[in-house]
């Protein structure tokens with residue numbers, strides 16, 4: 001605004017007199033010097049972005065390129081804050097909490113964060129518990145009667161309470177709607193289970209193949225044929241075993257025949273060899289004998305006289321004798337008759353073996369013939385057996401399906417029972433949620449009217465008690481009260497049996513009523529909402545007061561305003577009988593720029 005630059009320590013300063021000097025305009029003494037901008041306006045703007053008079057331009061227009069910037073260090077409960085607001089081309093808002101920068105990445109997000117952290121420090125609260133003054137545009141007495149209720153509600157946090165209740169109702173309604181949706185869904189699911197299970201029961205039917213009596217009769221025949229099949233299969237198996245044994249016997253006789261034949265052939269070979277040798281020797285003897293005969297008859301071819309060659313004859317005779325000896329030796333060595341007899345015996349044995357083989361083969365043929373007969377009978381029995389087995393298998397399949405369907409029916413009935421139980425639970429749940437929804441609607445429809453009025457009744461009781469108390473300190477015969485008149489709140493001053501309206505009072509009386517109301521509102525915020533501050537700004541509260549009125553007001557301030565370690569008193573009144581601990585002097589120069597000095 002008009003301040004160039006200033007740094008103020010707001011804590012533990014006692015009473016601080018804020019003095020103004022306007023050297024820029026000769027017709028003014030202190031007005032317009034920048035006293036309010038130094039205290040109340042800067043506090044309002046840095047915390048809320050608003051000024052008392054809702055000024056649109058807060059930059060110092062006399063400083064080229066200048067911007068408005070306010071940094072406030074303060075503590076709320078156990079949290080330390082540093083808020084910096086700059087009115088530049090981008091608009092800057094920085095928030096530091098307990099040494100940590102929690103500023104948003106945009107101005108709008110920073111505003112949201114500040115509102116979340118310090119939303120209760122709105123303009124109404126600040127101008128009720130920290131800044132008291134007649135120059136405030138939205139002081140209680142200047143508000144329209146219809147606007148005063150909103151201010152009281154804001155001071156006691158009624159909007160916050162109602163918003164909290166609204167949030168509770170919203171959450172409750174969300175929970176109720178979810179519960180109703182879930183209940184309806186579960187009811188639909190359970191009904192679907194019931195309907196599906198009933199259809200399963202209705203459709204769980206299977207056609208009967210044969211009667212129980214027919215099944216039992218077929219089963220008896222089936223078992224009888226099964227026994228017959230096993231009997232025939234056992235006979236076939238026995239035949240197979242017998243054939244195997246006979247084949248073994250046959251193999252053994254064949255081996256014996258082969259052995260005997262080999263033996264007989266061997267003996268025949270001996271006889272053959274004997275005969276060959278015997279014949280060869282005989283032939284030699286005949287040849288030698290012939291030569292001998294020739295030798296004995298030999299004569300001269302010419303004269304035909306007998307010739308004698310004894311050596312040749314003797315030699316031939318010796319050779320004939322040798323061959324006869326060999327022949328004798330051969331006949332002695334080999335008894336042909338015995339061998340022939342052995343051959344005959346072997347042949348007899350072979351014949352016996354062949355006879356046994358033929359007998360074995362006859363037995364095998366008989367067994368095979370018997371097996372063929374058995375197989376024919378077995379085929380006939382198997383044909384009948386298959387027919388009965390098919391009927392029995394179909395019946396067993398029917399029984400299995402019937403048992404399975406019975407299990408399905410049982411399970412379906414169990415599902416129906418369980419679904420009916422669940423259905424009962426969810427129907428009860430739905431009824432409860434519908435009842436809760438009706439209750440919620442009732443609260444929703446009544447909380448904004450009846451509940452607000454109910455809460456305000458308590459507020460009126462408390463604030464009127466404070467108004468009466470403070471009235472006794474600043475007036476002799478006036479008692480200030482607030483009256484709830486529908487949507488309006490009227491300020492009523494009772495005196496000597498009749499009522500006065502605020503606008504009927506003089507300027508000085510109005511200042512005292514404003515002070516009474518402001519102190520009562522401050523008590524209301526402190527006691528009903530827990531809002532209090534160790535600093536107070538009194539901005540032009542002595543206007544329209546004469547010397548006695550100022551003295552009364554000063555005494556009232558010193559006695560009644562407690563818990564404050566720094567009190568800024570801004571006034572253009574010069575003669576005020578208050579002991580100040582320090583003074584702030586705000587001087588507006590001829591260049592329309594104000595400077596601040598602290599004494």
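General remarks:
- Per-region count, the stretch 44-62, residues at pLDDT 85 or above and out of contact with any helix residue (DSSP H, G or I) (no Cβ under 7 Å at 6 or more places or on another chain): 3
- None of 491, 468, 416 is under 25 Å from residue 553 (Cβ atoms), assigned to a helix (DSSP H, G or I) and at pLDDT 85 or above except 468.
Each row is one residue, and each column tells you yes or no for (1) buried (at least 16 other Cβ atoms within 10 Å of the Cβ); (2) not in a loop (DSSP other than H, G, I, E, B).
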| site | (1), (2) |
| --- | --- |
| 47 | yes, yes |
| 58 | yes, no |
| 66 | no, no |
| 80 | no, yes |
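- Lone qualifier among 379, 358 - being farther than 27 Å from residue 219 by Cα and out of contact with any strand residue (DSSP E or B) (no Cβ under 6 Å at 6 or more places or on another chain): 358
- Exactly one residue out of 326, 380 is under 30 Å from residue 225 (Cβ atoms) and either assigned to a helix (DSSP H, G or I) or in the same structural domain as residue 252 (by TED's automatic domain parsing) (or both), and it is 380.
- Annotation note: of 239, 218, the sole residue that is under 60 Å from the mean Cα position of the chain (by Cα), under 30 Å from residue 389 (Cα atoms) and touching a residue at least 60 places away in the same chain (Cβ under 8 Å) is 218.
- Residue check, residue 440 crowded, with 17+ Cβ neighbours inside 10 Å, touching a residue at least 12 places away in the same chain (Cβ under 8 Å) and not assigned by TED's automatic domain parsing to the domain that holds residue 132: yes
- From the options 531, 538, residue that is within 28 Å of residue 150 (Cα to Cα), surrounded by 22 or more Cβ atoms within 10 Å (Cβ to Cβ) and in contact (Cβ under 8 Å) with a residue 24 or more places away in the chain: 538
- All of 474, 505 fail the test of being within 23 Å of residue 146 (Cβ to Cβ) and more than 60 Å from the chain's Cα centre (by Cα), apart from 505.
- When 368, 321, 354 are checked against the criterion of being in a helix (DSSP H, G or I), in the same structural domain as residue 251 (by TED's automatic domain parsing), closer than 30 Å to residue 234 by Cβ and modelled with pLDDT of 90 or more, a single residue qualifies: 368.
- Residues that are closer than 18 Å to residue 4 by Cα and free of Cβ contacts under 8 Å to residues at least 60 places away in the same chain, drawn from the stretch 563-598: 597
- Residue in the stretch 552-560 that is free of Cβ contacts under 8 Å to residues at least 60 places away in the same chain, in a loop (DSSP other than H, G, I, E, B), assigned by TED's automatic domain parsing to the domain that holds residue 474 and out of contact with any strand residue (DSSP E or B) (no Cβ under 6 Å at 6 or more places or on another chain) present: no
- Hey, residue 130 touching a helix residue (DSSP H, G or I) at 6+ places or on another chain (Cβ under 9 Å), more than 30 Å from residue 443 (Cα to Cα) and surrounded by fewer than 18 Cβ atoms within 10 Å (Cβ to Cβ) or not: no
- Selection of first residues in the stretch 115-140 that are in a helix (DSSP H, G or I) and of second residues that are modelled with pLDDT of 80 or more and surrounded by fewer than 18 Cβ atoms within 10 Å (Cβ to Cβ), restricted to Cβ pairs under 8 Å at least 6 apart or on distinct chains, gives the following pairs, ordered by first then second residue: 117/97; 117/102; 118/76; 123/50; 129/526; 129/532.
- For the stretch 561-591, the set of residues classified as within 15 Å of residue 132 (Cβ to Cβ) and part of a strand (DSSP E or B) consists of 566, 567, 568, 569, 570, listed by residue number.
- The residues listed here are 210, 168, 257; of these, the one that is at pLDDT below 90, part of a helix (DSSP H, G or I) and surrounded by 12 or more Cβ atoms within 10 Å (Cβ to Cβ) is 168.
- No other residue among 256, 245 is touching a helix residue (DSSP H, G or I) at 6+ places or on another chain (Cβ under 8 Å) and either in contact (Cβ under 8 Å) with a residue 60 or more places away in the chain or closer than 30 Å to residue 352 by Cβ (or both) apart from 256.
- Search result, residues across the stretch 27-41 that are within 60 Å of the chain's Cα centre (by Cα) and closer than 10 Å to residue 3 by Cα: 37, 38
The values are calculated or read from the model by the stated rules, or taken from the named source; none is laboratory data. This one's a predicted model, so the numbers in the text were calculated from it and none came from an experiment. Note: ideal-geometry Cβ built from the backbone for every residue, glycine included; neighbour counts use all protein chains shown.
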